[in-house]
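Heads up, the thing below is written out as structure tokens.
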Amino acid sequence: MNILLIHGPNLNMLGKRDPKLYGSMTQAELFEVIVDTFPKHEFTFYQSNYEGELIDVIQNSLSEPYDALVINPGALTHTSIALRDALELLTIPKVEVHLSDIDSREPFRKLDYIQDVVNARFMGKKENSYIEAIKYLTNLKQSIK
Ligand code: DQA
């Protein structure tokens, strides 16, 4: 599978953020774990701190041969209707991932604009949230075949 993985604001600072919530890996180490865990998949990683740039990447992905999207929008999860509308354009399977459990944190993190435009959400398991999400996409692809 050809998977696009998108990271939103502040996820480039993994390794420096609260390890109790986000684990201690850097973003580069996290991406390495993902590639090593799924050697048969091809990954394109993209991170931006800018909402509009993330929207451009999502729109541009329409003309690329991606089979699935994994997105951790960071705090834009709780604020961005524009990101949600961009995601709605994609017909490939989409999963939302969070390192922390956004439902058991501050009340403002319970608001999730993305959840009803993705196939599934994986959260609260640090890097394992990503592993579970990609296993889900792999199984989904196999069940469609
Ligand atoms: C996050 C959760 C968000 O609430 C937060 O703003 C982040 C990271 C997570 O992966 O747990 O930046 O998306």
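Here LEU140 fits the description: surrounded by 14 or more Cβ atoms within 10 Å (Cβ to Cβ), modelled with pLDDT under 95 and under 26 Å from THR37 (Cα atoms).
Restricting the first member to region 93-108 and to residues that are of a type in the set (Lys, Arg) and more than 11 Å from the ligand (Cβ to nearest atom), and the second to residues that are open to solvent by less than 30 Å² (accessible area, probe 1.4 Å) and in a strand (DSSP E or B), the beta-carbon pairs closer than 7 Å and six or more apart or on different chains are LYS94/LEU69; LYS94/ILE71. Considering the conditions (1) open to solvent by less than 40 Å² (accessible area, probe 1.4 Å); (2) at pLDDT below 95, LYS145 is excluded by exactly one of them, (1).
Could you identify the single residue in TYR22, TYR50, TYR46 that is open to solvent by less than 50 Å² (accessible area, probe 1.4 Å), out of contact with any Gly (no Cβ under 8 Å at 6 or more places or on another chain) and either among the hydrophobic types (A, V, I, L, M, F, W, C) or within 25 Å of ASP112 (Cα to Cα) (or both)?
Sole residue among the options that is open to solvent by less than 50 Å² (accessible area, probe 1.4 Å), out of contact with any Gly (no Cβ under 8 Å at 6 or more places or on another chain) and either among the hydrophobic types (A, V, I, L, M, F, W, C) or within 25 Å of ASP112 (Cα to Cα) (or both): TYR22.
Of note, LEU83 does not satisfy the criterion of being under 30 Å from LYS40 (Cβ atoms), touching a helix residue (DSSP H, G or I) at 6+ places or on another chain (Cβ under 7 Å), near the ligand (Cβ under 9 Å from one of its atoms) and open to solvent by less than 80 Å² (accessible area, probe 1.4 Å). Mind checking whether some residue in region 124-145 is among the acidic types (Asp, Glu), more than 10 Å from the ligand (Cβ to nearest atom) and in contact (Cβ under 8 Å) with a residue 24 or more places away in the chain? Yes, because at least one residue in region 124-145 is among the acidic types (Asp, Glu), more than 10 Å from the ligand (Cβ to nearest atom) and in contact (Cβ under 8 Å) with a residue 24 or more places away in the chain. Could you pull out the residue among LYS125, LYS135, LYS94 that is under 14 Å from the mean Cα position of the chain (by Cα), modelled with pLDDT of 95 or more and loosely packed, with under 15 Cβ neighbours inside 10 Å? Being under 14 Å from the mean Cα position of the chain (by Cα), modelled with pLDDT of 95 or more and loosely packed, with under 15 Cβ neighbours inside 10 Å holds for just one of LYS125, LYS135, LYS94, which is LYS135.
The values are calculated or read from the model by the stated rules, or taken from the named source; none is laboratory data. In this text the structure is predicted, and so the values were computed from the model without any measurement. No Cβ is skipped: glycine too gets one built from the backbone with ideal geometry, and neighbour counts run over all protein chains shown. Accessible surface areas use protein heavy atoms only, side chains included; no ligands, DNA or RNA. Shrake-Rupley method; radii C 1.70, N 1.55, O 1.52, S 1.80 Å.
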